[in-house]
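S.K.: Please find one structure pasted underneath; my questions will follow.
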Amino acid sequence: MKKKILLVAVMALLVVSAFAGKVTIWSWRTQDAEVWQKIEALLKSRGQDITIEFTAYAPTEYDSKVNLALQTGTGPDIVYSRRLPGGRTQVLIENGLYLPISDHVDLTYFPQASLNSVTWENKVYGVPFAVQVVGIYYNKDYYDQFDLKEPTTWDELVANAEVLKKNGIDPFFVSGKEAWTLTMQHAMVGVSILGPEWIKDLTEGKTNFLDPKFTDVNKRLNDLKIYYQNGFMGNSSVDQDASFAFGQTAMVFYGVWGYQTWKQLNPDINVGYFMVPPITTDQKPYAYTYLDGAIALTSNVKNMEDSIEILKFCATPEFGTIFAGVTYNIPAVTGSTLPPDPVLQEALEVYSNHASPYVYWVGSVFTTQKPSLYDDVLSPGMQEMYAGKLTPEGLSKMAQDAISQWYPPLMNK
């Protein structure tokens, strides 16, 4: 019996030793690998013997992998979590698979707006890591070559596209194979064309998806596809990055997270940014922005002490400076130093002064239940509309039929 007890004790000690000093982190962001290498080196230089094992999965597979791993007890210490509100993160919290960090981490450097996106029942579940700014990123050399100006109206945007097309340049590269990029495109166009007040009215049930204004957005996007690259429905965001970086296309509907990749592929690329222009000059343009997510502690944590130390560091401006320097993303933590890059500085200015206060994509009430406007309407609907299988009016009806099933303000409208 004594031998058995000793054997169990030795095995337990070996298990503990295997995880001592190592913290495992999962993410959907491959571009963050260097961030964690730098953080590990910094912590070790300060006498904290912590080894960080960072693993990134494809964004389309990530959520299901995390869900399954945490439920089976095979998950990591820390994960990148999606923001709230949203069914994916909320369910994990309700099932106890994410742990609150409020009692362990000083969150002084975060504005309340960011913390709202990671708070559930007055407890904070993660350290916000990035703010994303989406819009139209363009090749400034082409704009200079053809004497084009940043458009202030939708018609000016179309006119620019016409000039580029006549000169043999693909005006836009669109990743039609990846539905999420199309829903994001719709969301960023909507905040400027419809405006935040219309979206607020939609949220309150004062209008609905059958409003001609919503159908007009669908129609404008459908009409714009003549300026997309040939075979755009078969292309991915990886194809887009290469095409845009090497000057094969002039503009992309995308987010600031792509900037790092474009610069890595082609350090000489000259990138500009503008918000999607509204219909008329008397309308104010808005940008779709959102908190990308948070760095969260899981119930599978094996190295609690060192995981908490990492989360504490993630809540400091020093983390934000490293994160921005590597990824060229805007850190969620305030007080950080950003690289002196004009595109990054403009994205930060847009986030600070032109972010739409109301949205209908990620971060909205319309994505919190099923059918979701994101997953079940705009994702398949935009692909079907672009493929000629659904009319702009049909997409509006699809949205209204889906959301009115469960969202009280739109019922019986």
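The values are calculated or read from the model by the stated rules, or taken from the named source; none is laboratory data. Remember, it's a predicted structure, so these values are computed and weren't measured experimentally. No Cβ is skipped: glycine too gets one built from the backbone with ideal geometry, and neighbour counts run over all protein chains shown. Surface areas here come from the heavy atoms of the whole protein model, side chains and all, with no ligands, DNA or RNA. Shrake-Rupley method; radii C 1.70, N 1.55, O 1.52, S 1.80 Å.
S.K.: Between residue 116 and residue 22, take the C-beta separation as r, use R0 = 35 Å, and let me know the FRET efficiency to the nearest 0.05.
M.R.: Rounded to the nearest 0.05, the efficiency is 0.60.
S.K.: Additional query: Under a straight-distance cross-link criterion of Cα-Cα below 28 Å, which lysines are reachable from residue 44, leaving out those fewer than 8 residues away in the same chain?
M.R.: 22, 302, 312
S.K.: For region 303-352, what D do you get in µm² per second when you plug the Kirkwood radius from alpha-carbon pairs into Stokes-Einstein at 25 °C and 0.890 mPa s?
M.R.: Approximately 212 µm²/s, per Stokes-Einstein.
S.K.: Now, a different point. First measure r as the distance between the Cβ atoms of residue 33 and residue 387, then evaluate 1/(1 + (r/R0)^6) with R0 = 30 Å and state the FRET efficiency to the nearest 0.05.
M.R.: Working from the Cβ atoms, E equals 0.25.
S.K.: In degrees from 0 to 90, rounded to the nearest 10, what is the angle of the helix 342-353 Cα long axis to the longest principal axis of the chain?
M.R.: So the inclination is approximately 90 degrees.
S.K.: How far, in degrees from 0 to 90, does helix 179-193 lean away from the longest principal axis of the Cα atoms of the chain, to the nearest 10?
M.R.: It works out to around 60 degrees.
S.K.: Compute the accessible area per residue over region 79-122, keeping the other protein chains in place, probe 1.4 Å, unit Å².
M.R.: 51 Å²
S.K.: Another question, then. Rule-of-thumb check for region 188-288: C-alpha Rg over 2.2 N^0.38 Å?
M.R.: For region 188-288, the normalised Cα radius of gyration comes out at 1.28.
S.K.: With all pairs of different alpha carbon atoms counted, what Kirkwood hydrodynamic radius in Å does the chain show?
M.R.: Roughly 22.8 Å, rounded to one decimal.
S.K.: Springs between alpha-carbon atoms under 10 Å, Gaussian network over the chain: tell me which of 402, 58, 187 tops the mean-square fluctuations.
M.R.: 58
S.K.: Past 31 Å, Cα to Cα, is the threshold; run 213/370; 123/284; 165/370; 65/219 against it and keep the listed order.
M.R.: 123/284; 165/370; 65/219
S.K.: Tell me which residues come under 5 Å, amide H to amide H, from residue 293 once H is placed; ignore anything under 5 positions away on its chain.
M.R.: Long-range HN contacts for residue 293: 129, 130.
S.K.: Taking amide H positions as placed in the peptide plane 1.01 Å from N, state which residues far from residue 51 in sequence (5 or more) or on other chains have amide H under 5 Å from it.
M.R.: It is 22, 23, by chain and number.
S.K.: Within 10 Å, count the other beta carbons around each residue, average over each peptide in 31-41, 239-249, and list them highest first.
M.R.: 239-249, 31-41
S.K.: Tally up the carbon and sulfur contribution to the accessible surface of region 324-370 as a whole percent, 1.4 Å probe, everything protein left in place.
M.R.: For region 324-370, the apolar C and S fraction of the accessible surface comes to 54 percent.
S.K.: Roughly how tilted is helix 2-19, in degrees to the nearest 10 and between 0 and 90, from the longest Cα axis of the chain?
M.R.: Once rounded, one gets 30 degrees.
S.K.: Take residue 246 and residue 72, extend 7 Å from each Cα along the Cα→Cβ direction, and tell me the distance between the two endpoints in nm.
M.R.: The answer from the label model is 3.9 nm.
S.K.: What list of ³J(HN,Hα) couplings, whole Hz, do you get for region 232-243 from phi and the Karplus terms 6.51, -1.76, 1.60, once you set θ to phi - 60° and write x for glycine and proline?
M.R.: Working through the residues one at a time gives 4, 6, x, 9, 10, 5, 5, 4, 4, 4, 5, 4 Hz.
S.K.: With a 1.4 Å probe and every protein chain left in place, work out the accessible area per residue of region 135-212 in Å², rounded to a whole number.
M.R.: 39 Å²
S.K.: Report ³J(HN,Hα) in whole Hz for each residue of region 250-259, in order, from the Karplus equation J = 6.51 cos²θ - 1.76 cosθ + 1.60 where θ = phi - 60°; Gly and Pro get x.
M.R.: Per-residue couplings from phi come out as 9, 9, 9, 8, 7, x, 5, 4, x, 4 Hz.
S.K.: Where the Cα atoms of region 339-409 are projected onto their three principal axes, how long is each span, largest first, in whole Å?
M.R.: Principal-axis extents of the Cα atoms in region 339-409, largest first: 46, 32, 17 Å.
S.K.: Then there is this: Could you pull out which residues in region 188-226 have an amide N less than 19 Å from a spot 7 Å beyond the Cα of residue 412, following the Cα-Cβ vector?
M.R.: Once the point is set 7 Å along Cα→Cβ of residue 412, 202-210 turn out to lie under 19 Å by backbone N, inside region 188-226.
S.K.: What's the long-distance tail for region 241-340, i.e. % of Cα pairs beyond 21 Å? Working shown, then result.
M.R.: Values: 2664 of 4950 pairs.
Summing the P(r) of region 241-340 above 21 Å gives 54 percent of all pairs.
S.K.: Multiply the residue separation of residue 210 and residue 145 by 0.36 nm, subtract the distance between their alpha-carbon atoms, and state the gained length in nm to one decimal.
M.R.: That works out to 19.2 nm of additional length.
S.K.: Further question on the same structure: How far apart, in nm, are two points set 7 Å out from the Cα along the Cα-to-Cβ line at residue 91 and at residue 397?
M.R.: 3.0 nm
S.K.: Does region 107-266 classify as rounded, prolate or oblate by the C-alpha gyration tensor (a ≥ b ≥ c root eigenvalues; a/c under 1.5 gives rounded; else a/b over b/c gives prolate, otherwise oblate)?
M.R.: Because a/c hits 1.5 or more and a/b fails to exceed b/c, region 107-266 counts as oblate.
S.K.: Using 0.36 nm per residue, how much length does the chain from residue 49 to residue 405 gain when fully extended, once their Cα-Cα distance is taken away?
M.R.: Numbers: separation 356, 0.36 × 356 = 128.16 nm, distance 5.32 nm.
Length gained between residue 49 and residue 405: 122.8 nm.
S.K.: Between region 293-312 and region 152-211, what is the separation of their alpha carbon centroids in Å?
M.R.: So the two Cα centres are separated by 39 Å.
S.K.: Among 238, 105, 362, determine the one that fluctuates most according to a GNM of the chain built with springs between C-alpha atoms less than 10 Å apart.
M.R.: For the chain, modelled as a Gaussian network with Cα springs under 10 Å, the answer is 238.
S.K.: To continue, here is another question. Could you give me the ³J(HN,Hα) list for region 41-48, computed from phi with Karplus coefficients 6.51, -1.76, 1.60 and θ = phi - 60°, whole Hz, x at Gly and Pro?
M.R.: 4, 5, 4, 5, 5, 9, x, 9
S.K.: Turning to a different aspect of this structure: Top mean-square fluctuation among 218, 167, 300, Gaussian network model of the chain, C-alpha springs under 10 Å?
M.R.: Looking only at 218, 167, 300, the largest GNM fluctuation is found for 167.
S.K.: Report for the chain the percent antiparallel among DSSP-assigned beta bridges with both residues inside it, nearest 5.
M.R.: Within the chain, antiparallel bridges account for around 65 percent of the total.
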